[in-house]
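**Q** After the structure tokens below, expect a handful of questions from me.
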Amino acid sequence: MTEPRRLNRPDQPGLAYHRREGAGPGVMFLGGFKSDMSGTKATALQDWADRTERAYLRFDYSAHGASNGAWEDATISQWREDALAMLDLETDGPQILVGSSMGGWMALLLALARPEKVKALVLVAPAADFTEALIWEQLPFHIRQQIEDEGQWLRPNPYGAPYPITKTLIEDGRNWSVLDAPIPFEGPVRILHGWHDRDVPWSHGLRVLEQLTSKDVRYELSKAGDHGMSAPEDLAALFRMIEDVSV
């Protein structure tokens, strides 16, 4: 596997990415919380882009994957800035933003910040506002109190070692809420969600649909799907959605 390139700026030190030149509209993949660009969806999209000769960009946020950064310092603001830097500096022309889980929130934030650069959104289990709606609001009182008093809580991780949820992450996330008001994006949007998603309930995806102002929004629920949405049939649905909004 080829080594990633690195974007070196004072505010984004050592962001790792892979960029494929090709036909437009380009596709930019935005990964999830604690995920990286070597995951199944990101690499399946790389293979799809190679087959279809499409422009494609995937990257790791700060403190994720091959990128630099300390997890304890990470915030939604920083990850948004990482994604904006990639969109501004490493893509040409309007992009189709494919956002998975937290990446769905990032995709919405990019569409609000750079509407002229975003042709369409394809969102997989979009975890908009997840720091508040899916973490903070779900925590029992004693853990909230621990975060308030100690500045962090080690969250159990079924995929590996526990990791800190910091007070800074929670408080910063409130600055980027999108579900408490209409989301002014008029381009096409496709949402793909799994019935068995235990991390981001499928009803959360409907909240995103409800707030989008675009009239060209379609929501597809996979009865067999989970949060990963990485089974062959799920990936096929993802490719179909991208092709649908490419015209």
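**Q** Scan the stretch 180-201 and report the pairs whose first residue is touching a residue at least 60 places away in the same chain (Cβ under 8 Å) and over 18 Å from S101 (Cα atoms) and whose second residue is outside any strand (DSSP E or B) and hydrophobic (A, V, I, L, M, F, W, C), with Cβ atoms within less than 8 Å and a gap of 6+ or a chain change.
**A** P184/L112; F185/L108; F185/A111; F185/L112; G187/A111; G187/V245; P188/V245
**Q** Something else about it: Among the listed residues G65, G24, identify the single one that is at pLDDT below 95 and in a loop (DSSP other than H, G, I, E, B).
**A** Working: G24 fails: in a loop (DSSP other than H, G, I, E, B).
Of the residues listed, the single one that is at pLDDT below 95 and in a loop (DSSP other than H, G, I, E, B) is G65.
**Q** Taking S214, is it over 13 Å from A127 (Cβ atoms), of a type in the set (S, T, Y) and surrounded by 15 or more Cβ atoms within 10 Å (Cβ to Cβ)? Please lay out each step first, then the result.
**A** On the way: over 13 Å from A127 (Cβ atoms): yes; of a type in the set (S, T, Y): yes; surrounded by 15 or more Cβ atoms within 10 Å (Cβ to Cβ): yes.
Yes, satisfied.
**Q** Moving to a separate point now. Contact list please: Cβ distance under 8 Å, first residue in the stretch 49-60 and on the phi > 0 side of the Ramachandran plot, second residue modelled with pLDDT under 95, pairs at least six apart or on different chains.
**A** From the stretch 49-60, the pairs are E53/A23.
**Q** Starting from the stretch 118-135, take each residue that is in contact (Cβ under 8 Å) with a residue 12 or more places away in the chain and list its partners that are acidic (D, E), counting only C-beta distances under 6 angstrom and pairs at least six apart or across chains.
**A** A125/D197
**Q** Cβ-Cβ under 8 Å, sequence separation 6+ or interchain: first residue in the stretch 145-158 and part of a helix (DSSP H, G or I), partner of a type in the set (A, V, I, L, M, F, W, C). Which pairs?
**A** Q146/W153; I147/L139; I147/W153; I147/I165; I147/I170
**Q** For E132, which of the numbered conditions (1) loosely packed, with under 15 Cβ neighbours inside 10 Å; (2) part of a helix (DSSP H, G or I); (3) not polar (S, T, N, Q) fails to hold?
**A** Going through (1) loosely packed, with under 15 Cβ neighbours inside 10 Å; (2) part of a helix (DSSP H, G or I); (3) not polar (S, T, N, Q) one by one, E132 breaks only (1).
**Q** Report yes if some residue within the stretch 210-218 is of a type outside the set (K, R), without any contact (Cβ under 8 Å) to a residue 24 or more places away in the chain and more than 17 Å from E72 (Cα to Cα); otherwise report no. Write out each step before concluding.
**A** Here is the first cut: in the stretch 210-218, the ones of a type outside the set (K, R) are 210-214, 216-217.
Then drop every residue that is not without any contact (Cβ under 8 Å) to a residue 24 or more places away in the chain, which leaves 210.
The next check asks that each one be more than 17 Å from E72 (Cα to Cα); those that pass are 210.
Yes.
The values are calculated or read from the model by the stated rules, or taken from the named source; none is laboratory data. No experiment lies behind these values; they were computed from the predicted model shown. Backbone-built Cβ (ideal geometry, glycine too); neighbour counts: all protein chains shown.
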